[in-house]
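Reading through the C-alpha cells given below for one structure.
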Amino acid sequence: MTLMRYAEALNAALREEMQRDPTVFMFGEDIGRYGGVFKVSKGLRDEFGDARVRDTPISEQAMTAMAVTAAMSGTRPILEIMYADFLPLTLDALVNQASVFTYLWEGQVEIPFVLRTQGGGGVGTGAQHAKSLDAMVCHIPGLKVVAPATPADAKGLLKSAIRDSQPVVFLEHKLLYNTRGEVPDGDDVLVPIGKARTVLEGRHVSIFASSKMVIEAENAAKLLAQDGIEAEVIDLRTLRPLDLESIRRSIAKTHHAVVVNEGWTFCGYASELSATIMEYCFDDLDAPVQRVAMPDMAIPYSEPLEMAVLPNAIKIAAAARKAIA
Amino acid sequence: MKNTPSTDELKDMHHKMVVTRELEEVLGVYAKEGKTRGPIHRCDGQEAVGVGACAALRTDDYVCTTHRGHHVYVGKGLTAHGIVAEIFGRETGYCKGRGGHMLLGDVTTGMLGGNAIVGAGIPAATGMALSIQILKQDRVAMVVFGDGAAQTGICHEAMNMAGLWKLPVIFVLENNEYGLTVRHDVQSPVADLSIRAAGYAMPGEIVDGNDVEAVYRAVALASERARRGEGPSLIEAKTYRIKGFSTSDMGGYQSEEEMAPWLARDPIQRSAEKLVALVGADTVAAIEAAARAEVASAFETALSDPFPVFETHAPSAAYSEFTP
Amino acid sequence: MATPITAGAVAGEYMETLVIVEWRVGVGDAVNKGDVLLTIETAKAAVDVEAPDTGVISAIFASAESEVPAAAVLCLIGKDVTDVSYGDAPAKAAENAASAPQPYPVAPLATEQAPRTPAGGRIIASPAARRAARAAGIDLATVSPTSVSGRIKLRDVASATYQTAPLQAPNLSMGLPPDERGLLKVHRSGPPDGAPIFFLHGFASDSSSWYPLDRQLAKDHPVYRMDLPNHGSSPKRQIKDFTALVKDVRDAFDALDLEGAHVIGHSLGGALALALADTRAPRIASLTLFAPGGLGPKINSDFIDGIAAASRPASLEAWLKVMVSDQRLIDPAFVNAAFAARTQAELRSAQVHMGKTLFADQTQSFNLVSALHRLECPTRIVWGRKDRILDWHDALQAPGHIGLHLLEGVGHVPHLEAPDISRAIIRSLIKSV
C-alpha cells in the first residue's frame, strides 16, 4: 500500500498502462507540457514524448470523434476533456459514433477508448465549470461510465477502463484530486468495472452515492449515527453498468433508500437509480426512495448561493430521516 | 466615414484602460490573499483590444466576449463597482452574484455576455446579427474571441453563415498567443489567422492590438460596413497575455525573453504618451488619478455590500416540477 | 418511563401463548443488562428471558406456572421500584425483545402530524409492510401506522405480530458463514451452589433442547447449557475441523472454571463431551452420553444436510421426524417453535458449512473410541435402538466399566423421547459420585 493523492493515483495508472501497452496514447488540452490543469498527466510527456502525450487545440468535438476512430483502428486513446461541462461539445461523437459501431458492425470493431473528464462544484467556478453531467453520458447505451471516489478506486478503475474493449467515460471530481488514500501496489491491481463497494454497513437506511457524494454520504452517516440511525453507504463506483445485486442486497436489509447524485434532479442519475430500485426492489421498500440531487437550475457563482444548491451531508441526512420517519 | 477617435474619445479610452488595469491589479492582490473565489482571468496588456473595439460601437450595439473580458465589460460602459461586486458574489453585482467574473451580462449596455465555453461567443454574436438583419435595425453585433476559440469547429460554422448571409457582425480575434498554456504555434499551422477571412468572403485585417487607436479605427470601419449591409469583417488584433491564464495557473511556460518586447509596448503607456502630446501631462495624470479613485471606491463599496440569499424564485425554478 | 418486558422473539413466531416456568427475580430487585429475568416454556423448550437494560424490577404481571398470551407484558424494568409508567407498550415491547432488530428511533408524533386515517378505506402501507403482513397472515386493517406520513411501515406490522425476527426469503444462497470472534455462549440457570451440570447439545439443535432435563435438574444444581458455534446464540464462525471445535468448547468450558462438573452431551455434543473429558478429567465428575458421535464412521448424512439447510417449516418437520421414533412428538407447535429458532439464513448457512466440514465424505472421521477407553470418571451411554441418525451398535465398543442404557422404541433423542428414564439415569449417576 502507498499513500497517494487521487491525482497521483490516476497519474500512476496512466503511466503503468502506457508502459505496458505501446498503443495507449493520450491527447487533450494542456495535458502535455503543462501536465494537465489538474496535473493528472504530470511528467508523462517527458517520459513518453509528444507523440503519445499530445497537446491539442481547443477542439473537443473533433477530438472526440477522432478518438473513436483511432480506437477502431488499432490504438487505445485516452482523451482528456478538461471540464465535464464541455461534454456537450463531445456528444455527437459519443451518441452517434462511439456507442453504435461495435453493435452495428456485428462486433467487427472494438472501440477501446477512454474519455476522462472532471466535474462537480463547490469552488466558485461558475455555471459553465461546475456541473455533473453523469446522467447525460449514462443515458447513452454502449458506453461504460465510472466515477471513483477514492485514490485506490481511481487507479484500479482507470486501469480497467484503459484495458476495456468498449468506450469508457471516466468521471473525476475536482475536489477529489487532492484527497489522499492508501492505494494497493502492483501494476496489475485492477478494480473491476461494474462492482459497487460497501463503505459502511448499517441496518436502517441505504445511501447510494458515487464520486465526491460518497464523502458527503459518509458524513451524513455520522450525523445519522448521533440519532442512533445506522446508515449503510454504498459507493456505486461504476454508474453504468449498474451493480444491481449490491443495491438489492442492501435494500433487502435496510428497506429504506436514499439516492445521491451531484447532477440535476429531473431525469438525473438519482432518478434512474430511484426508478431501478422501485422496479427491482419494490417489495423490500418500506418508504419511497428519496433523491438528493442538484436543483434544476444553473449553478450560481456566489458562495452562499452555490453552497445552497449543492447536495451535501445535511441534505442526505435529512432525506434519510424522511425515509425512516 | 468616421474612423478617427476625437480627443475626448481618446481621453475616455485611456480612462477605461486604466480602470481595467487598476481593477485587475487590485483583484490580483485580493486573489493572492485568497480573498477571491474561483479563478480570475486577467487581460493585462490586452486592454486596448476590448476598450478600443467597444469605443467604436454605439451603446445599442451588442458585444459578446470571453472568460477574459474585463476590458470589454469596462469598454462597453459597465461600472467598476458593479463588476467588482459581481466578482465578489454580492447582491449589488450586475448579476446579483449568480454569474461571477466569467459569466457577467448587462442588457442596458448591450454587453451580452462573458462566456466560459471557449468559442461560444462567436455564434452568439452571429445570432444577434441575424436578429438585427431580420428586424432591419442599423445595429451591429461584435464578438471578441481568442486564438484558442478560433480552433473550434463552431467558429467555422458561424463565420460561414455570417459571410453567406452578410450578417452585421464584427469578429475581433484577440490573438494573445496562448490558448490556456498552449502556444499559438502548437495550436495552428498558420501564424496569421486573419487569412481565413477570404474563405468566408469577408475582409480580414491585422491590427496592432496594443494600440487602442488602431483597434478603434479598424472596428469603426467594420461597423460602418456592417451597417451598410455589406456583411461581416474579421479583425485580428495581435497582442500578448502578460499575466498567465488565470489565478489558478502555475505558469512556467511563458519566458521572460518572449514577454519583454510586449511589456515595452504596453498599451496604456503608449496611449498616455499620445495623450500627453495632445492635452498635456497634468490632464493625463488627472485622468489616471480619477480612474484609480473610481476603482478604489468600487472595491470599498462592493466589499461591504451584502451577499445574496438563496431562494427558489422564478428564474431558478422555471423548469422545476416540484417545489423542494 | 419503565421498560415493558415481553417474551418477544424468544416466544417463537407462531406462538399464541406461553407458560411462565419460573421467575428468577422479584419486584424491587436490581437487574443488570443480560440478567435472566424468568424462564418461559414454549412449544419447543424452556427459554430464558434476559433483561435488555439495567434497572429495577418495578412490576411483575404474571405469576409462575401461569399461561399468558405470547404478546403479554410480563414485567417492567424501571429507574426505581416506583417507576411503573409505560406507554406504547406493544411497539416498545417489540423493540426491547432480546433478539429483535433495533427499530429506528421515531420522533414522537406531534398532534398536527398525527397519522392520517386512510381515505376512502384504502389502507396505505409500504410494499415491505404489505409483504410482511401477507407472510404472517396479518390483516393490515388491524395495524396502526406510527409514521409521520401515516403509512403502515414494516415496524408496525412487526409490532402487531410480535414477529420481530427479520423476515428472510427462503433458500437464500449459501455463502461462507461469517467469522465472528468470542467465546461460546453458555446459559446458566439453577441455584448458585451445588454440583454443576454442563450440557452440550447436538448438531442443528441448541441449548434450549435440554429443557426436558433442565427444568427438573436446575432445581438442585447450577446448570450450564452451552450453545455450539453456529448454533443458538453463540458466534458464527468457520470451523476448520473437529479438533478446532473441541478447542472452542474447551475454551468456553475453561472460562467457567467449574469443579466436579457432571457433563452431559448429545450426539455431536456427546463426542465433544468425550473429547473434553479426555483432556479435562480432573474437573469432570461424571459423563452422560446421549447417542454420542465419534464411535464409528457411519452417519445419516442426508439428515445432516437436510436439517441444516431447511428453510421452511415443512422441510424442517420432515427431518425432525427422522430424529425420533414416535412421530407424534413432532406436532405443528413443536415444528413451528423449532423453526422460529432457525429463521436466520446466516445461521442455517453456517450450519450447512459446518456439517459439510465435520462430516465430509458422509463420514464421522473423528474417532473417540480410544478416548472412551481412557475414561476414568463414572460414565453412562444412553441410546435409542430406533436411532436413524447414528448406529446404536457403536455403543457396544464401550469398555466394561461404562454403563449402557439401550432404550427400546426410542430414536436419536432419548432425553426428548424418554425424559423420565433419562433424568433418572442422570440423577443416579450424580448420586453415585
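How high is the relative contact order of chain A? Use alpha-carbon pairs under 8 Å, at least six apart in sequence, and give a whole percent. Don't skip to the end; give the middle numbers.
On the way: 737 pairs, mean separation 53.3, N = 325.
Averaging sequence separation for qualifying contacts and normalising by length gives 16 percent for chain A.
Protein heavy-atom surface of segment B:7-300, 1.4 angstrom probe: 56% of the accessible area is carbon and sulfur, with nucleic acids and ligands not counted. The figure for C:Val246 is an accessible area of roughly 20 square angstrom, using a 1.4 Å probe on the protein chains alone. Using a 1.4 Å probe over protein heavy atoms, the accessible area lost on pairing B with A, summed over both chains, comes to approximately 3000 Å². Round to a whole angstrom and tell me the spacing of the C-alpha centers of segment C:385-406 and segment C:356-384. Each part's Cα centre sits 11 Å from the other's. If a/c stays under 1.5 just call it rounded; otherwise compare a/b with b/c (prolate if a/b is bigger, oblate if not). Do that for segment B:62-111, with a ≥ b ≥ c from the square roots of the Cα gyration tensor eigenvalues. Because a/c hits 1.5 or more and a/b exceeds b/c, segment B:62-111 counts as prolate. Under a 5 Å amide H cut-off, with hydrogens placed 1.01 Å from N, C:Thr6 pairs with C:Leu74 among residues at least 5 apart or on other chains. Across segment B:7-300 the C-alpha pair distances fall into 10 Å bins from zero in the proportions 7, 30, 37, 22, 4, 0 percent. Other residues whose C-beta falls under 13 angstrom from the C-beta of C:Ile425 contribute a net charge of +3, scoring Lys and Arg +1 and Asp and Glu -1. Accessible surface ranking for C:Trp210, C:Trp392, A:Trp105, 1.4 angstrom probe, highest first: A:Trp105, C:Trp392, C:Trp210.
Remark: spin-label model distance B:Glu91-B:Leu263 equals 4.4 nm, labels positioned 7 Å along the Cα→Cβ axis.
Applying 1/(1 + (r/R0)^6) with R0 = 30 Å to the Cβ-Cβ distance of C:Arg250 and C:Lys386 gives a FRET efficiency near 0.40.
Using the Cβ-Cβ distance between C:Glu65 and C:Gln344 with R0 = 30 Å, the FRET efficiency computed as 1/(1 + (r/R0)^6) comes to roughly 0.45.
Leaving ligands and nucleic acids out of the surface, order A:Tyr269, A:Tyr103 by accessible area at 1.4 Å, largest first. Write out the running numbers ahead of the final one.
Details: A:Tyr269 10, A:Tyr103 180 Å².
Sorted by accessible area, descending: A:Tyr103, A:Tyr269.
For chain A, the alpha carbon positions stretch 59, 45, 40 Å along the principal axes, listed from largest to smallest. Accessible surface for B:Cys54 stands near 10 Å², nearest 10, in the context of the full protein assembly shown (1.4 Å probe). At a Förster radius of 60 Å, what calculated FRET efficiency corresponds to the Cβ-Cβ distance of A:Ala275 and B:Glu33, to the nearest 0.05? For A:Ala275 and B:Glu33, the calculated efficiency is 0.80.
Got a sec? Which residues of segment A:14-33 lose 50 Å² or more of accessible surface with every protein chain in place, vs. that chain alone, 1.4 Å probe? Those residues are A:Asp30, A:Arg33.
Mind grabbing the base-10 log of I(q)/I(0) for segment A:2-183 at q = 0.12, 0.15, 0.18, 0.19 Å⁻¹? Debye formula, identical points on the C-alpha positions, no solvent, two decimal places. At q = 0.12, 0.15, 0.18, 0.19 Å⁻¹ the computed log10 ratios are -0.50, -0.80, -1.20, -1.34.
Judged by the gyration tensor of its Cα atoms, with axes a ≥ b ≥ c, the protein assembly as shown is prolate; a/c meets the 1.5 cut and a/b is the larger of a/b and b/c. Using θ = phi - 60° in the Karplus curve 6.51 cos²θ - 1.76 cosθ + 1.60, the 3J(HN,Hα) couplings for segment A:92-101 round to 4, 5, 7, 6, 9, 10, 4, 8, 10, 6 Hz; x is entered for Gly and Pro. Note on C:127-135: average number of Cβ atoms from other chains within 10 Å of each residue's Cβ is 4.
Compare C:Val47, C:Val81 by solvent-accessible area with a 1.4 Å probe and give them largest first, with all protein chains kept in place. Could you put the intermediate results ahead of the total?
Working: C:Val47 30, C:Val81 75 Å².
The residues order as C:Val81, C:Val47, largest area first.
Step by step: find N for segment A:197-324, compute 2.2 N^0.38 Å, then divide the Cα radius of gyration by it. What's the final number?
Numbers: Rg = 13.6 Å, N = 128, 2.2 N^0.38 = 13.9 Å.
Ratio of Rg to 2.2 N^0.38 Å for segment A:197-324: 0.98.
Please get the size of the charge dipole for segment A:250-293, origin at its Cα centre, with Cβ charges of +1 on Lys and Arg and -1 on Asp and Glu, quoted in debye to the nearest 20.
Values: 2 positive and 6 negative charges, 24 e Å.
The calculated dipole for segment A:250-293 is roughly 120 debye.
May I ask for the net charge around C:Asp80, where only other residues with Cβ less than 14 Å from the Cβ of C:Asp80 are counted and Lys, Arg are +1 while Asp, Glu are -1? Taking every Cβ under 14 Å from that of C:Asp80, the sum is -2. A simple spin-label model places the labels of B:Ala201 and A:Val100 3.3 nm from each other, with each point 7 Å out along Cα-to-Cβ. Segment A:1-69 and segment A:101-166 have Cα centres separated by 15 Å.
How many Å² of accessible surface get buried when C and A come together, counting both sides, probe radius 1.4 Å, rounded to the nearest 100? Present the calculation step by step, with values, prior to reporting the outcome.
Details: alone 18990 and 13800 Å², together 31440 Å².
Summing both sides, the interface buries roughly 1400 Å².
Working out 0.36 nm times the residue gap between C:Ser149 and C:Asp302, then minus their Cα-Cα distance, what length gain in nm do you get to one decimal?
Values: separation 153, 0.36 × 153 = 55.08 nm, distance 5.02 nm.
Gain in length upon complete extension: 50.1 nm.
Rolling a 1.4 Å probe across the protein heavy atoms gives segment A:197-324 an accessible surface of 36 Å² per residue.
Which residue, B:Leu164, B:Met111, A:Val199, has the largest displacement toward the positive end of the dipole of the protein assembly as shown when charges sit on each Cβ (Lys, Arg +1; Asp, Glu -1)? Positive-most Cα among the choices belongs to A:Val199.
Would you work out the relative contact order for chain B, in percent, from Cα pairs under 8 angstrom that are 6 or more residues apart?
Details: 630 pairs, mean separation 79.4, N = 324.
Relative contact order here is 24 percent.
For A:Lys39, the solvent-accessible surface with a 1.4 Å probe is about 50 Å², rounded to the nearest 10.
Using the Karplus relation 6.51 cos²θ - 1.76 cosθ + 1.60 with θ = phi - 60°, the per-residue 3J(HN,Hα) values for segment C:133-144 come to 5, 4, 5, 8, x, 9, 7, 4, 5, 8, 9, 9 Hz, with x marking Gly and Pro.
Mind running the shape call on segment C:219-325? Use the C-alpha gyration tensor, a ≥ b ≥ c as the square roots of the eigenvalues: rounded below 1.5 for a/c, prolate if a/b tops b/c, oblate otherwise.
Prolate, because a/c is 1.5 or more and a/b exceeds b/c.
The values are calculated or read from the model by the stated rules, or taken from the named source; none is laboratory data. Not measured: the values here are computed from a predicted model. Cβ coordinates were reconstructed from backbone atoms using ideal geometry, including for glycine residues, and neighbour counts include every protein chain displayed. We work out accessible area using only protein heavy atoms, side chains counted, and drop any ligands, DNA or RNA first. Shrake-Rupley method; radii C 1.70, N 1.55, O 1.52, S 1.80 Å.
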